[in-house]
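Read through the structure below, which is laid out as structure tokens, and then see the notes.
The values are calculated or read from the model by the stated rules, or taken from the named source; none is laboratory data. The model shown is predicted, which means the values in this text are computed figures rather than measured ones. Cβ sites come from the backbone with ideal geometry, for glycine too, and all protein chains shown count toward neighbours.
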Amino acid sequence: MNLRSFLYGLTASCALLTSTSFFNLESASAQGLKSQTRPNFLFVLTDDQRKGAMGNDGNPLIKTPNLDRLAREGMAFRNAYVSTPVCSPSRGSILTGQYPHTHGVVKNSAYDALSHRLITFPQLLHNSGYYTAHIGKWHMGQDATERPGYDRWVCLRGQGEYFDPFLNIDGTETPTKGYVTDILTDYAVDFLKVRTATSRSCSTWRTKPCMVHIRHHRALPKSLQMPKSSAVQVPCPGVPALPGDLEGKPAIKAGLAKAANQPNKGDFSPSG
């Protein structure tokens, strides 16, 4: 798949996600769309990536050349809103197209059983003839077992681990050596390029379209989040001084006082 096709697929997927007709794929197929050429979908979800954490957003420290290229040659949305800025509810909304109060995953809690019952867009694509894959972090509960609608299932337990994670691979708990971002990316590429030996890879991709949902991982904070050989030193710019009076704002004052005791963090005094 070349970049133009990839971007077309991403744009089409965004349009489908915002359309109520997206969840009527089976009836659409019955009307003859199944015989037409359909795009492949690659859905990549990053974790805990705040606004401004990309080069194309003006960040001078974080280097994201591949994401910047997608933004430059594709489409970047500058305004976005979320009703429940919490991990699990957001994941439920992405997969179902529903608000959290409708799909039922309203907080980061044990929604293992419920998440097995959700009707998701990968499930509907699967029922419409797509080969589908979930690769990475599910995190609607701690259960990593297979959910309906996926031909390929590579899932982390709960939040997962940065190094040597346990993966549920098509129903089998598998200890896996390596750095989690590399591992998940390799599984996604293998699925797309038909390099895996399993019969559950996208082995007939030339006759059936694919949908790969890769969800990258953020676990609890660790001092080392990637192999030392790949680590890049990023200078800390410090925190800008806050103007005005902080009376009545004890949490901000406590945070600034704590940060001021850390080396190379700049001037944290409210007055500058």
Checking the structure you have, find out if any residue of segment 75-93 is modelled with pLDDT of 90 or more and not in a helix (DSSP H, G or I). no
So ALA113, is it more than 21 Å from ALA144 (Cα to Cα) and out of contact with any strand residue (DSSP E or B) (no Cβ under 6 Å at 6 or more places or on another chain): no
Looking at segment 139-151, which of its residues are among the acidic types (Asp, Glu), touching a strand residue (DSSP E or B) at 6+ places or on another chain (Cβ under 8 Å) and surrounded by fewer than 21 Cβ atoms within 10 Å (Cβ to Cβ)? GLU146
Conditions (1) hydroxyl-bearing (Ser, Thr, Tyr); (2) at pLDDT below 90; (3) crowded, with 19+ Cβ neighbours inside 10 Å; (4) farther than 21 Å from ARG38 by Cβ: number failed by SER201: (4)
Testing SER13 on (1) of a type in the set (Ser, Thr, Tyr); (2) at pLDDT 85 or above; (3) touching a strand residue (DSSP E or B) at 6+ places or on another chain (Cβ under 9 Å), one condition comes back false. Which one is that? (2)
Looking for whichever is at pLDDT 90 or above, under 18 Å from VAL44 (Cα atoms) and buried (at least 23 other Cβ atoms within 10 Å of the Cβ) here; the options are GLY160, GLY136. Which one fits? GLY136
Yes or no: segment 178-185 includes at least one residue that is part of a strand (DSSP E or B), buried (at least 22 other Cβ atoms within 10 Å of the Cβ) and assigned by TED's automatic domain parsing to the domain that holds THR132. no
Restricting to segment 122-138, what's the tally of residues that are part of a helix (DSSP H, G or I) and either without any contact (Cβ under 8 Å) to a residue 60 or more places away in the chain or touching a strand residue (DSSP E or B) at 6+ places or on another chain (Cβ under 8 Å) (or both)? 4
